[in-house]
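Please treat every number below as a calculation from the coordinates, not as lab data. None of the values given here were measured: they were computed from a predicted structure. All Cβ positions, even for glycine, are placed from backbone atoms using ideal geometry, and neighbour counts span all protein chains on display.
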Amino acid sequence: METIISKIKKGQLNNEVIKKAGEILKSGGLVAFPTETVYGLGADALNEKAAQKIYAAKGRPSDNPLIVHITNMEALSRIVSDIPEEAYLAAEKYWPGPLTMIFRKSSIVPYGTTGGLDTVAVRMPSHETACAVIDAGGGYIAAPSANTSGRPSPTKAEHVEEDLGGRIDMIVDGGPVEIGVESTILDVSVTPPMILRPGAVTKEMLSELFGEVAVDTALFEEGSANPPKAPGMKYRHYAPKAKLCVVEGAEDEVVKEINRIASEKIQKGGRVGIIGTEETVGRYGQGVVKCIGTRQDEATVANRLYAVLREFDAENVDSILSESFSGNGIGNAVMNRLLKAAGHHVIHV
Ligand code: AMP
Ligand code: MG
């Protein structure tokens with residue numbers, strides 16, 4: 001199949017492109033489009049056959065449910081059977097935005113979209129192009145990250161083309177995304193509400209809103225007795241081809257240890273990648289060194305994370321050593337993705 005690739009400049013919605021995307025979605029096809037978090041692979045969420053095509057294109061396990069994207073609260077009331085008070089509160093504050101909430105589904109949402117679950121995940125994105133595509137496509141668009149399952153999520157249209165070119169009908173290229181990690185997933189059907197996946201709407205922000213929020217404990221543990229409550233979080237995910245190891249500790253010690261391991265591996269003929277920060281990159285003597293952002297603002301790290309992992313794939317390194325991050329605010333989402341990409345391979349110094 002030939003994939004149509006159309007560019008849309010920020011603030012300049014192109015009606016022809018949006019119309020074409022809408023037609024493809026309404027006839028059951030697949031369109032990748034930018035959102036503020038990562039690029040999504042869209043299909044009509046209420047058309048079981050269309051949603052199934054997403055699984056085939058991505059190679060996604062069929063028990064991993066999709067997030068339904070909408071642009072208004074009326075659409076929400078049609079696809080869920082009950083809207084808890086907490087959901088109104090969170091929607092008021094963080095919709096449109098990088099927050100997904102879990103609800104009990106209504107009968108119009110097919111099980112093919114929810115991975116057989118009676119619940120449905122819903123998000124209202126803020127990205128102008130995303131909203132236009134969703135509306136043009138009928139208003140209910142299932143859109144997981146537009147990558148091959150298991151690879152780092154796409155933060156640029158080029159990443160989508162790399163993974164899915166020739167397998168989907170269209171890519172709407174809106175340039176690089178703003179946030180760079182997937183939405184926060186919040187289960188509002190339990191008390192207190194529980195974070196199933198950390199993202200740009202942070203635990204700190206949600207605690208302020210609800211007084212108390214829980215976090216799915218399976219998220220940061222390896223081989224936890226209970227599987228993660230968001231089915232997708234159990235898979236090896238976000239991963240580069242090379243073996244990734246995270247080194248944790250005081251900055252000077254971390255730099256020393258990464259230099260030591262890198263030099264050992266290089267002496268044995270290995271090709272080593274190093275993930276450093278603006279504060280440290282100058283202190284790495286060898287290997288393929290990449291700057292992921294600044295510790296002063298970990299949103300910059302979230303923004304570069306997946307692109308850096310993909311860049312290392314292109315450089316054919318066989319191992320990657322990464323510094324670790326604070327775990328606070330958006331740093332929590334960064335560490336969650338980094339630890340998963342590393343298969344929880346961590347060295348403490
Ligand atoms: P992606 O769209 O690729 O970011 O993946 C969607 C994520 O949302 C996966 O981790 C899913 O497991 C999770 N998810 C979707 N629907 C539900 C649901 N009904 N209950 C819990 N998690 C869900
Ligand atoms: Mg994904």
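For A130, the stated conditions hold: it is within 16 Å of ligand 2 (Cβ to nearest atom), over 20 Å from H237 (Cβ atoms) and touching a strand residue (DSSP E or B) at 6+ places or on another chain (Cβ under 8 Å). Set side by side, the residues L209, L219 differ, and just one is within 16 Å of ligand 1 (Cβ to nearest atom), in a helix (DSSP H, G or I), touching a residue at least 24 places away in the same chain (Cβ under 8 Å) and surrounded by fewer than 24 Cβ atoms within 10 Å (Cβ to Cβ), which is L219.
In this structure, does A262 turn out to be part of a helix (DSSP H, G or I) and more than 30 Å from P98 (Cα to Cα)? Against the criterion (part of a helix (DSSP H, G or I) and more than 30 Å from P98 (Cα to Cα)), A262 qualifies. Every condition in (1) of a type in the set (A, V, I, L, M, F, W, C); (2) part of a loop (DSSP other than H, G, I, E, B); (3) closer than 16 Å to G232 by Cα is met by I54 except one, and the failing one is (2). Taken over the range 22-42, the criterion of being touching a residue at least 60 places away in the same chain (Cβ under 8 Å) and either within 12 Å of ligand 1 (Cβ to nearest atom) or part of a loop (DSSP other than H, G, I, E, B) (or both) is satisfied by G29, L30, P34, T35, E36, T37, V38, Y39, G40, L41, G42. Would you confirm, using the coordinates I've provided, whether A262 is of a type outside the set (K, R) and more than 16 Å from ligand 1 (Cβ to nearest atom)? So A262 passes the test.
Every condition in (1) in contact (Cβ under 8 Å) with a residue 24 or more places away in the chain; (2) within 21 Å of the chain's Cα centre (by Cα); (3) within 26 Å of Y235 (Cβ to Cβ) is met by V109 except one, and the failing one is (2).
Of the residues that make up the range 238-245, is at least one under 26 Å from the mean Cα position of the chain (by Cα) and within 16 Å of ligand 1 (Cβ to nearest atom)? Yes, some residue in the range 238-245 is under 26 Å from the mean Cα position of the chain (by Cα) and within 16 Å of ligand 1 (Cβ to nearest atom). Among N72, N14, N64, which is the only one that is among the polar types (S, T, N, Q), within 16 Å of ligand 2 (Cβ to nearest atom) and surrounded by fewer than 22 Cβ atoms within 10 Å (Cβ to Cβ)? Going through N72, N14, N64 in turn, the sole match is N64. Among the residues making up the range 278-299, those that are polar (S, T, N, Q), surrounded by fewer than 19 Cβ atoms within 10 Å (Cβ to Cβ) and within 14 Å of S324 (Cα to Cα) are T294, Q296.
Among the residues of the range 78-116, the ones that are among the aliphatic types (A, V, I, L, M) and in contact with an Asp or Glu (Cβ under 9 Å, 6 or more places away or on another chain) come to 2 in all.
With respect to the conditions (1) touching a strand residue (DSSP E or B) at 6+ places or on another chain (Cβ under 8 Å); (2) within 16 Å of ligand 1 (Cβ to nearest atom), S149 falls short on a single one, namely (1). Can you pull out the residues in the range 300-349 that are among the aliphatic types (A, V, I, L, M), over 20 Å from A242 (Cβ atoms) and surrounded by fewer than 23 Cβ atoms within 10 Å (Cβ to Cβ)? Of everything in the range 300-349, just one residue is among the aliphatic types (A, V, I, L, M), over 20 Å from A242 (Cβ atoms) and surrounded by fewer than 23 Cβ atoms within 10 Å (Cβ to Cβ), namely V349.
A single member of G269, G232 is assigned to a loop (DSSP other than H, G, I, E, B) and not acidic (D, E), and it is G269. Looking at I179, I171, I141, just one residue is under 18 Å from the mean Cα position of the chain (by Cα), within 16 Å of ligand 1 (Cβ to nearest atom) and within 26 Å of L309 (Cα to Cα), and that residue is I179. Among the residues of the range 78-99, is any under 30 Å from K19 (Cβ atoms), β-branched (V, I, T) and either within 16 Å of ligand 2 (Cβ to nearest atom) or in a loop (DSSP other than H, G, I, E, B) (or both)? No: zero hits.
For the range 173-194, name all the residues that are assigned to a strand (DSSP E or B) and either more than 15 Å from K93 (Cβ to Cβ) or in contact with a Leu (Cβ under 6 Å, 6 or more places away or on another chain) (or both). Steps first, answer last, please.
Of the residues in the range 173-194, the ones assigned to a strand (DSSP E or B) are 173, 184-187, 194.
If the condition is that a residue be assigned to a strand (DSSP E or B) and either more than 15 Å from K93 (Cβ to Cβ) or in contact with a Leu (Cβ under 6 Å, 6 or more places away or on another chain) (or both), then D173, T184, I185, D187, M194 are the ones that fit.
Among the residues making up the range 179-205, those that are within 16 Å of ligand 2 (Cβ to nearest atom) and either of a type in the set (D, E) or closer than 17 Å to P231 by Cα (or both) are E182, S183, T184, I185, L196, R197, P198, G199.
Considering A146, A132, the condition of being over 19 Å from the mean Cα position of the chain (by Cα) and either surrounded by 22 or more Cβ atoms within 10 Å (Cβ to Cβ) or free of Cβ contacts under 8 Å to residues at least 60 places away in the same chain (or both) is satisfied by A132 alone.
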